[in-house]
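Report on the structure given below.
The values are calculated or read from the model by the stated rules, or taken from the named source; none is laboratory data. Values in this document were obtained by computation on a predicted structure and should not be read as measured data. Methodologically, a virtual Cβ is constructed for each residue, glycine included, from the backbone with ideal geometry; neighbour enumeration extends over all protein chains shown.
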Amino acid sequence: MALFGKTKADVDAADKKTLGRGVFRKCDVCGVTLRAEDFTANHEVCPECGHHYRLSGEAWAELLLDPGSFEERDLGILSRDPLEFTDSKRYPDRLVASRKKTGLEDAMMVGEGTMAGRPVQLGAFLFRFMGGSMGSVVGEKITRMFERGTEKKQPVILLSASGGARMQEGILSLMQMAKTVAALRRLREEANQPFISVLLNPTTGGVAASFALLGDVNIAEPQALIGFAGPRVIENTIRQKLPAGFQRSEFLLEHGMVDIIAERSAMRPTISRILSHLLG
Amino acid sequence: MAHLEFEKPIVELEERIRELKVYGIRDRGMGGEISKLEERVVELQAEIYGGLTIWQKVQLSRHPDRPYFLDYVERIFDDVVELHGDRAYADDAAIVAGFATFEGRSVAVIGHQKGRTTKEKVRRNFGMAHPEGYRKAMRVMELAGRFGRPVLTFIDTPGAYPGIGAEERGQSEAIGASIALMSGLRSPILATVIGEGGSGGALALGVANRVLMLEFATYSVITPEGCASILWRDGALAPKAAEQLKLLAPDALRLGVVDGVIDEPRGGAHREPDEAAAALKDAIRRELTELERMSPDELIADRYAKFRAIGVTEG
């Protein structure tokens, strides 16, 4: 499920206030103050301690794909409110507020482009929009991306960063897990194309328990929180403190759940080499 | 017999009638008293069962006397052979899987199993499976697919278990892999939510050609308790969360998530387990007869189309 609590270090880089008229920026993890452009040039990774801050969807497309090759698809698909869900706000009001705050339509960006000249389908969760939670829109866009990959016989790369299924769309959100995974199965069985799953911080709940851990190759960023149940839920269930590093990328590598941990700067060459090995 | 708070007036009155019948059945005066009480029970039932709140229905889905998977298996199937273990780590008693005959044909039966006694509850982990439970289910589904045997799943879980071992052994991967396997299986699949349909742990057995729900079962992305603790940091507000989640059978039907709702005996399946099982058996026969007409490729395409269509968007 979507977690709304953020630790200080998890605050979105895009929300960050820079110091001294936007010239300097302080790392929340190691405390170093550097020129803001040093963070930007390093793809939102602290040059000093290596902490990976969040990157926007566009910045990911720029980082991974050939310059100018990315074209976004399936824009203009919007959520409705089939449950008439209200917590502290009505869901439609929450959607409007999230759109206004982030400038995004929902929590998923999909599109196509080339990577080292090879046509690929690329998708990225947009965590800033309601914690990257997966409802009908996110599920629909991912499904269409897998279907496009199947039809065009192209590999699919999906960057996950999500608290899980979107509670406000209830059971319909749960069903997006089945819809997306069924489309992924077709990519494999009918088009024999690889699915590269990139796991960012955090990938939990219904997103972890559907396609995210089903990559032909699973690649995680360092220190990303990846798991089925959130740490707080587990602590409340077993009534004990969790060990340090539990559910972090390194823990998953040790337990055989991810293939590779790649720093952001190594992500493009890592994916590109795997695709070359598989597809020539 | 355990009973819920709102059932109390009915259960107490029924108890009273039973006692009167045992001690004074031939007494003429008593006879009049009994028929008056019986009328009152009927009134009370109409009043209480006719006006159940959402939360009371959620409580019925978790009723301590509610028939569990194996209660239905013994009433509906013959020649049951249970298969154990995931061939990698353990045998998870929270999921029971095997083969059985249903009116002359062999089928795979797979379901979550809760425990009745305290000891059994612990052994079955309250129906909350670990990854090895889903992997056992997958083994049996795969086997059924190879031999063209229909797969019948029975869903009744608060959710997949959230614990250290479950995470270490890949709870996420196990659920995702089970969803993927079901979506491509070459046999007919019929899933029935018989109690609690809790989140990913339920869906891991739920990717079927036809999905049915018992009248007082629930199907939800999160438990009302979990939802309340996220939204309002207070699990005690679960009844309020239950109203928001639209987790009852008629809701799931309206949203296109299930294909049919099986009526339960008045007051819930626990009041007349045999009757509940007979209704479930009829539904299985009906659905299976239709699904058996489809080829493996048609079954896979049918399942794809079914889930492909779920979701509400505009634009």
Give me the pairs, please: first residue somewhere in the stretch A:127-139 and closer than 14 Å to residue A:99 by Cα and more than 10 Å from chain B (Cβ to nearest Cβ), second residue anywhere and acidic (Asp, Glu) and crowded, with 24+ Cβ neighbours inside 10 Å, beta-carbon distance under 7 Å, and either six or more positions apart or on two chains. A:129/A:106
Which condition does residue A:171 not pass, out of (1) under 13 Å from the mean Cα position of the chain (by Cα); (2) within 9 Å of chain B (Cβ to nearest Cβ), if it passes all the others? (1)
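Considering only residues that are part of a helix (DSSP H, G or I) and facing chain B (nearest Cβ under 8 Å), which ones fall in the stretch A:157-168? Outline the logic, then answer.
Initial filter on the stretch A:157-168 (part of a helix (DSSP H, G or I)): A:167-168.
Once the filter is applied, which keeps residues that are part of a helix (DSSP H, G or I) and facing chain B (nearest Cβ under 8 Å), the stretch A:157-168 yields only A:167.
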Where residues in the stretch B:42-87 are touching a helix residue (DSSP H, G or I) at 6+ places or on another chain (Cβ under 7 Å), crowded, with 18+ Cβ neighbours inside 10 Å and among the β-branched types (Val, Ile, Thr), which of them is farthest from residue B:197 (Cα to Cα)? B:76
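Restricting the stretch B:227-272 to residues that are touching a residue at least 60 places away in the same chain (Cβ under 8 Å), of a type outside the set (D, E, K, R) and within 13 Å of chain A (Cβ to nearest Cβ), which is nearest to residue B:159 (Cα to Cα)? Before you say what the answer is, go through the steps one by one.
Here is the first cut: in the stretch B:227-272, the residues touching a residue at least 60 places away in the same chain (Cβ under 8 Å) are B:238-239, B:242-243, B:247-248, B:258, B:262, B:266-270.
If we keep only those that are of a type outside the set (D, E, K, R) too, we end up with B:238-239, B:242, B:247-248, B:258, B:262, B:267-270.
Retained after the next criterion (residues that are within 13 Å of chain A (Cβ to nearest Cβ)): B:242, B:247-248, B:258.
Working: B:242: 16, B:247: 14, B:248: 16, B:258: 18 Å.
Step by step, filter the stretch B:227-272, then rank; the result is B:247.
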Suppose we filter the stretch A:221-280 for residues that are over 15 Å from the mean Cα position of the chain (by Cα), part of a loop (DSSP other than H, G, I, E, B), among the polar types (S, T, N, Q) and surrounded by 16 or more Cβ atoms within 10 Å (Cβ to Cβ); how many remain? 1
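Restricting to the stretch B:143-167, name every residue that is away from every other protein chain (no Cβ under 14 Å), more than 19 Å from the chain's Cα centre (by Cα) and not hydrophobic (A, V, I, L, M, F, W, C).
First, the residues of the stretch B:143-167 that are away from every other protein chain (no Cβ under 14 Å): B:143-144, B:146-152, B:154, B:156.
In the following step, the residues that additionally are more than 19 Å from the chain's Cα centre (by Cα) were identified as B:143-144, B:146-149.
Result: B:146, B:148, B:149.
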Any residue that is over 18 Å from the mean Cα position of the chain (by Cα) and either among the β-branched types (Val, Ile, Thr) or within 18 Å of residue A:83 (Cα to Cα) (or both) - is there at least one of those in the stretch B:259-282? no
Within the stretch A:222-245, the residues that are at the interface with chain B (Cβ under 7 Å from one of its Cβ atoms) and either in contact with a Leu (Cβ under 7 Å, 6 or more places away or on another chain) or among the aromatic types (Phe, Trp, Tyr) (or both) are A:228, A:234
Set B:292, B:275: member being surrounded by fewer than 21 Cβ atoms within 10 Å (Cβ to Cβ), among the acidic types (Asp, Glu), under 30 Å from residue B:42 (Cβ atoms) and at pLDDT 95 or above: B:275
Among the residues of the stretch B:66-90, what is the count of those that are in contact (Cβ under 8 Å) with a residue 40 or more places away in the chain, touching a strand residue (DSSP E or B) at 6+ places or on another chain (Cβ under 8 Å) and farther than 26 Å from residue B:216 by Cα? 1
Looking at residue B:109, is it within 20 Å of the chain's Cα centre (by Cα) and hydrophobic (A, V, I, L, M, F, W, C)? yes
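Could you pull out every one of the strands (runs of 3 or more DSSP E) wholly within the stretch A:67-156 that has 1 or more residues that are crowded, with 21+ Cβ neighbours inside 10 Å?
Numbers: elements: A:71-73, A:108-115, A:118-125.
Result: A:108-115, A:118-125.
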The one condition in (1) touching an Asp or Glu at 6+ places or on another chain (Cβ under 9 Å); (2) under 29 Å from residue B:235 (Cβ atoms) that residue B:85 fails to fulfil: (2)
Return the total of residues in the stretch B:234-253 being farther than 11 Å from residue B:57 by Cβ and of a type in the set (A, V, I, L, M). 7
Count - residues of the stretch A:186-213 that are crowded, with 23+ Cβ neighbours inside 10 Å and within 13 Å of chain B (Cβ to nearest Cβ): 15
How do the helices (runs of 4 or more DSSP H) wholly within the stretch B:120-185 filter down when requiring 3 or more residues that are of a type in the set (S, T, N, Q) and touching a residue at least 24 places away in the same chain (Cβ under 8 Å): which remain? B:171-183
Mind checking which pairs have a first residue in the stretch B:32-51 that is without any contact (Cβ under 8 Å) to a residue 24 or more places away in the chain and a second that is part of a helix (DSSP H, G or I) and of a type in the set (Val, Ile, Thr), Cβ under 7 Å, 6 or more apart or different chains? B:34/B:17; B:38/B:17
Given the conditions (1) under 13 Å from residue B:190 (Cα atoms); (2) buried (at least 19 other Cβ atoms within 10 Å of the Cβ), report the number of the one that residue B:257 does not fulfil. (1)
All conditions in (1) within 25 Å of residue B:105 (Cα to Cα); (2) surrounded by fewer than 24 Cβ atoms within 10 Å (Cβ to Cβ); (3) among the aliphatic types (A, V, I, L, M) are true of residue B:205 except (2)
